[in-house]
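Notes for the one structure printed next.
Nothing in this text is a laboratory measurement; each read-out follows from the coordinates by a stated rule. Since this is a predicted model, take the numbers as computed values, not measurements. Neighbour counts are summed over all protein chains in view; Cβ atoms, including those assigned to glycine, are modelled from backbone coordinates with ideal geometry.
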C-alpha cells in the first residue's frame, strides 16, 4: 500500500504495471469482462428510460426523479444485503442470481413498454431492476479481493474500472441507435447482454476462491469457507467507518458530473446535445486509455496520497466549471476531473477491501457499495437544489459544489495515514 521507489523513470513503471495487469489471475479479467458487458446492458437503457417516461408517457420531472431516487435507495440497500449473502452463500451464486433475475426483469420492462403498461407498473419494474442490479457489484468486488493479494488490488480494481467504462462507451451509443426503432427493443436487447455477463461471471467458482484465500494465509483455512455463516461478526474499525462516510460524500460529489453538468451545459450554457454527449465520451475514452498509467502513478505516490489527490482534482475542476463559457473549456476540465477519478476510484475500492475483515469481505464490499450508491441517490437532489437556487451565478454554484470534494480531500488528508496503516495490518 505504500509508494514504491521509482526506478527506470515513469515509463518503466507504466511497463511494469502493464505486466502486472497481464499477470493478474485470469478470473479477475473474466470479472472485468462481466462488468463491461453488464454495464453495456445497463447503459443501453438507463439514459433513455427517463426520456420515455417524460416525453412519451408525460411523467413530470419530479415524478421520474422520484422513481429514480427510490430506485437508487433500493439499489443501495440491496448492495448491503448482497455483501452479507455473498459471505453466507458464496460470491458466484449471488452474482448469477442478480444477473439472471435482472435479465428477466429487463425483458419484462420491454414487454410493459410495448403494451403501454401503467406508470405504477413501470415504476415497480424500474425499482426492482435497480434492486437486482445491486446484487452483482459487492459479490464481484469481494471475488476480486479474494483473487488478488492486497499489494495488487489497486491494479485489479483499476481493471474493473476499465471494464465499466468500456461498457459506458458502448451502451448509450447502441441504445441511441435502437431507440429509433422502439423503446421496447432496448430492453429486449439488454436482457441477453446481461445473460452474457452472467456467463462470464460463472467462470469464477467459489471453491477456487476458498483455496486461494487459504493458501495466501490471509485468514485461517477454516474461516476461508465462503459458503459458511460461522464467521464472527467483528466490530467495524473506525477507519472503515470513516472510509464509508467519505465514500458517501464523494459519491454525492461525483454524481454532479452526470446529473448537474448535463443540465448546466444544455440549459444554462445552451450547448447542443451532441456536444454534451461528447463531453461524456471524453470521460470514458480517457479512463480506458489511461487507467493503467494512473495505476502506475498510484504505485509511485502511494494510496494515501491518491485518496487525497483525487478529490482535490474534482474540487479544482468543479471550480473551473464556473468560469467555463463553452465546449472547449468544459471538455478540458472534464479531462482533468477524469484524471482525478482514475486516481481515486481504484484506491478507494482497494482500501475498502483491505480494511474489511478477510473472512467477511462480502460484507465490507456490500457496505462500501451501499455508501456509494446512497451518495449517487442523493447527488441529483443536491445538484438540483444548486441549479434552482444558485444557477443565476455559475461561479457561485460550482464553487459551492466544489466544497464537497474539498471536504472529502480534507477528511482523507487527516485520516489517510491511519486508514492506510490499518489496511496494511
Of every Cα-Cα pair in segment 236-425, the percentage lying beyond 29 Å is 22 percent
Here Rg/Rh (Cα, Kirkwood) for segment 71-182 equals 1.04
Plugging the Cβ-Cβ distance of residue 54 and residue 18 into 1/(1 + (r/R0)^6) at R0 = 35 Å yields, to the nearest 0.05, a FRET efficiency of 0.20
Descending packing, highest mean Cβ count within 10 Å first, for 72-79, 114-121 is 72-79, 114-121
Kirkwood-based Rg/Rh on the Cα set of segment 25-225 evaluates to 1.03
FRET efficiency (residue 151, residue 118; Cβ distance; R0 56 Å; to 0.05) is 0.55
Quick note, the chain: a/c under 1.5 would make it rounded; otherwise a/b > b/c is prolate and the rest oblate (a ≥ b ≥ c, C-alpha gyration tensor); here it is oblate
Cα pairs beyond 20 Å in segment 330-425, in percent, come to 52 percent
Taking Cα pairs closer than 8 Å and at least 6 residues apart, the relative contact order of the chain in percent is 28 percent
Dimensionless Rg/Rh of segment 380-419, both radii on Cα and Rh by Kirkwood, sits at 1.18
Rounded to whole angstrom, the alpha-carbon centroid of segment 295-337 lies from that of segment 86-153 at a distance of 31 Å
From DSSP H assignment alone, runs of 4+ in the chain each adding -39500 (n - 2.57), the sum over residues rounded to the nearest 500 puts [θ] at 222 nm at -28000 deg cm²/dmol
With label points set 7 Å from each Cα along the Cα-to-Cβ direction at residue 410 and residue 199, the distance between them in nm comes to 5.2 nm
